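The values are calculated or read from the model by the stated rules, or taken from the named source; none is laboratory data. Only a predicted model underlies this, so the values are computations on that prediction, with no experimental measurement involved. Reconstructed Cβ throughout: ideal geometry from the backbone, glycine too, with neighbour counts over all protein chains shown.
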Amino acid sequence: MPALEDSLREQHEVLTAQATTAPAPLADAHEAARVAAVVTSAPVGMPPSWLAQLPALEVLSSFGVGLDRLPLDAARAQGLPVGYTPNVLNDCVADLAMGLLIDGARRIAAADRFVRRGDWLQGRYPPTTRVSGKRLGIVGLGRIGQAVARRAAGFDMSIGYHNRRPMEGVAWRHEASLLALAGWADFLVL
């Protein structure tokens, strides 16, 4: 994340380490002893072994939603604050999912290529389908799945979902079996 590093360098001394260098974040123990903050991303995270080697660490911050690559239990045991960015991408991902759904049904991108290539001179574009009034199956009704469901409701779609267990307080159809959901749905969002 070069832009982030440049921004941090304006106000802080920045040392760069790769999570692939575990178990040691920095070769120089003196440098490691001065590290006050670790900034990482959800896909990269931070190996748990680094905590013991960064005695001055005051905060661990991750850009992204996922926490599975962060040493949460060890950080909690040390009283180390962990920051991350939940919900920051929910709407963007849901918007993109709906855009891809509409494009897949209406074949907008393929139709654009058809016209640009001049294929319309040789014949008609094949019929497509609509999303409105259709059945949408959502695999996983977490924050993003719920955001997709709200958008799909705006298209008068019937909404079903598959989760480990039914969610309380939602009016959408729960399917205990992923195969049953796939059989019911016209479209499936993963």
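Selection of region 69-97 for residues being surrounded by 12 or more Cβ atoms within 10 Å (Cβ to Cβ), under 14 Å from the mean Cα position of the chain (by Cα) and free of Cβ contacts under 8 Å to residues at least 12 places away in the same chain yields only Leu96.
Can you pull out every residue in region 135-149 that is under 19 Å from Trp184 (Cα atoms) and either free of Cβ contacts under 8 Å to residues at least 24 places away in the same chain or of a type in the set (Ser, Thr, Tyr) (or both)?
Here is the first cut: in region 135-149, the residues under 19 Å from Trp184 (Cα atoms) are 135-141, 145-146, 148-149.
Ala149 - this is the single residue of region 135-149 that is under 19 Å from Trp184 (Cα atoms) and either free of Cβ contacts under 8 Å to residues at least 24 places away in the same chain or of a type in the set (Ser, Thr, Tyr) (or both).
Taken over region 48-68, the residue count meeting the criterion of being at pLDDT 90 or above and either more than 22 Å from Ala27 (Cα to Cα) or exposed (fewer than 14 other Cβ atoms within 10 Å of the Cβ) (or both) is 5.
Does Ala109 satisfy the criteria of being of a type outside the set (D, E, K, R) and touching an Asp or Glu at 6+ places or on another chain (Cβ under 7 Å)?
Working: of a type outside the set (D, E, K, R): yes; touching an Asp or Glu at 6+ places or on another chain (Cβ under 7 Å): yes.
Considered against the rule, which asks whether it is of a type outside the set (D, E, K, R) and touching an Asp or Glu at 6+ places or on another chain (Cβ under 7 Å), Ala109 comes out as yes.
Apart from one condition, Ile144 fits all of (1) crowded, with 16+ Cβ neighbours inside 10 Å; (2) not in a helix (DSSP H, G or I); the exception is (2). If you go through region 157-181 and keep only what is part of a loop (DSSP other than H, G, I, E, B) and of a type in the set (Gly, Ala, Ser), you end up with Gly169, Ala171, Ala176, Ser177.
Taking region 147-162, which residues are surrounded by fewer than 20 Cβ atoms within 10 Å (Cβ to Cβ) and either at pLDDT below 95 or closer than 14 Å to Val93 by Cα (or both)? Selection gives Arg150, Arg151.
From Asp156, Asp119, grab the single residue that is of a type in the set (Asp, Glu), closer than 17 Å to Arg173 by Cα and not assigned by TED's automatic domain parsing to the domain that holds Val65.
Numbers: Asp119 fails: closer than 17 Å to Arg173 by Cα.
Of the residues listed, the single one that is of a type in the set (Asp, Glu), closer than 17 Å to Arg173 by Cα and not assigned by TED's automatic domain parsing to the domain that holds Val65 is Asp156.
Residues of region 98-126 that are among the charged types (D, E, K, R) and either surrounded by 13 or more Cβ atoms within 10 Å (Cβ to Cβ) or in contact with a strand residue (DSSP E or B) (Cβ under 7 Å, 6 or more places away or on another chain) (or both): Asp103, Arg106, Arg107, Asp119. All conditions but one from (1) in a helix (DSSP H, G or I); (2) farther than 30 Å from Arg151 by Cα; (3) among the acidic types (Asp, Glu) apply to Glu13; the one that does not is (1).
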